[in-house]
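Below you'll find the structure, written out as structure tokens, and then a few comments.
Bear in mind these aren't lab numbers, they're just calculated from the coordinates by the rules spelled out. What you see is a predicted model, and the numbers here were worked out from it, not measured in a lab.
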Amino acid sequence: TLHLRPVKQWRMRVDDPPLTRLGKGLAKILHTAEHPLVLKSLPLSILSQWLTVLAFWFCMVAAGASLGLAEVTLLASAVFLSSLVPASVGGFGAREVGAVFFLGWVGVAAESALLGSVFFGLTATLQGLIGLVWWVRVARV
């Protein structure tokens with residue numbers, strides 16, 4: 001169970017800038033033995049995010065987009081956040097609009113951004129279906 005402490009015990013001042021408060025809060029969470037799950041899951045979370053960005057980059061390269069991994073790393077979070085628009089199914093549509101918009105900033109053609117985003121959505125859907133089959137098989141055992 002996660003026990004949240006009142007903000008006053010974290011010794012943060014309300015007039016601190018938001019990033020300072022965020023940094024102090026993260027430092028408090030990461031430097032306590034009370035939250036070992038956070039420390040154990042953090043490397044896996046970072047690895048998962050990097051693999052997702054890498055998969056997105058591979059899909060963009062397969063679609064003919066000429067951009068570097070650093071550019072994708074910087075812009076992928078904005079593209080992925082655009083897929084959270086609730087008017088889409090599985091992120092399709094909103095993610096593609098986000099890819100065309102944000103990757104257009106670095107000179108990626110709209111066609112390549114759209115196709116790469118569709119590739120990424122299809123591979124993510126395929127991964128989910130494979131995971132579903134595995135989960136159903138494990139659930140029967």
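Across region 59-72, computed HN-Hα scalar couplings (Karplus, 6.51 cos²θ - 1.76 cosθ + 1.60, θ = phi - 60°) run 5, 5, 5, 5, 7, x, 7, 9, 8, x, 5, 5, 5, 5 Hz from first to last residue, x flagging Gly and Pro. Backbone geometry of region 115-128 corresponds, through the Karplus equation with coefficients 6.51, -1.76 and 1.60 at θ = phi - 60°, to 3J(HN,Hα) couplings of 5, x, 5, 5, 4, 4, x, 5, 5, 5, 5, 4, 4, x Hz, x marking Gly and Pro.
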